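The values are calculated or read from the model by the stated rules, or taken from the named source; none is laboratory data. Only a predicted model underlies this, so the values are computations on that prediction, with no experimental measurement involved. Cβ atoms come from the backbone with ideal geometry, glycine included; neighbour counts cover every protein chain shown.
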Amino acid sequence: MDLLWTPWRFAYVTTADGAARPGIPARLAAWPGDTGCVFCNLVAAVDYAIAHGMNADEAEAAGGLVKRGEHCFICLNAFPYTSGHLMVLPYTHLDRLAALPQEAAHEMMDLAQLTEQALEKLYSPHGLNFGMNLGQAAGAGVAGHLHLHALPRWTGDTNFMTTVAETRVLPEDLETTWKRMRAAFAELGS
Ligand SMILES: [Zn+2]
């Protein structure tokens, strides 16, 4: 079994796919739009909530948005493979790494470096996976919008449940993860 790259093949959009407006958490449903992309929807819904008076921390927590850069942002995977499963992605809806403007590409790597530090600090993992699936054939759940997965790994963490049932038993909920991540990234600064 290919343990390295299969974890996120079915991640993120498995349940969002059939949803009316994928990527929009219930608390941010006031945004009336729909881009058809989970990530574009997520950011638009967070921004709309903030523009209409919701506290920025509250809106970003609802969207799992951990850190914003100028061109890219970091958010929690709503359907994590493991606790601490993050994604680094550009705001721009692009499907190819080569199409990403240089400033955005560089910032994506800057945020990836911060992510590595934050995950090590918070979870003390044995290892980390950083990976990108370009195109559906490569296993991309959201093929239209480039995203870099980052997740902590532990020796022996791929257990029977994962292999057979594609089911995860997560030790912490997303809200807790968001709070810990937010604090960790704040401490790392930049
Ligand atoms: Zn998009």
Could we say that Glu70 is under 26 Å from Gln117 (Cα atoms) and assigned to a loop (DSSP other than H, G, I, E, B) here? yes
The number of residues in the range 34-56 that are at pLDDT below 95 and either away from the ligand (no atom under 14 Å from the Cβ) or among the small types (Gly, Ala, Ser) (or both) is 1
Could you tell me which residue of the range 33-59 is surrounded by the fewest Cβ atoms within 10 Å (Cβ to Cβ), considering only residues that are closer than 22 Å to Phe79 by Cβ and touching a Leu at 6+ places or on another chain (Cβ under 8 Å)? Val43
Of the numbered conditions (1) within 17 Å of the chain's Cα centre (by Cα); (2) within 16 Å of the ligand (Cβ to nearest atom); (3) not aromatic (Phe, Trp, Tyr), Gly84 satisfies every one except a single condition; which is it? (2)
Complete set of residues in the range 64-87 that are aliphatic (A, V, I, L, M), surrounded by 23 or more Cβ atoms within 10 Å (Cβ to Cβ) and in contact with a Ser or Thr (Cβ under 8 Å, 6 or more places away or on another chain): Ile74, Leu86
Based on what the data block shows, is Gln102 within 16 Å of the ligand (Cβ to nearest atom), without any contact (Cβ under 8 Å) to a residue 12 or more places away in the chain and more than 24 Å from Thr176 (Cβ to Cβ)? no
Note on Arg68: of the conditions (1) touching a residue at least 12 places away in the same chain (Cβ under 8 Å); (2) within 16 Å of the ligand (Cβ to nearest atom); (3) under 14 Å from the mean Cα position of the chain (by Cα), unmet is (1)
Just need a number here: residues in the range 43-57 that are closer than 13 Å to Ala30 by Cβ and part of a helix (DSSP H, G or I). 8
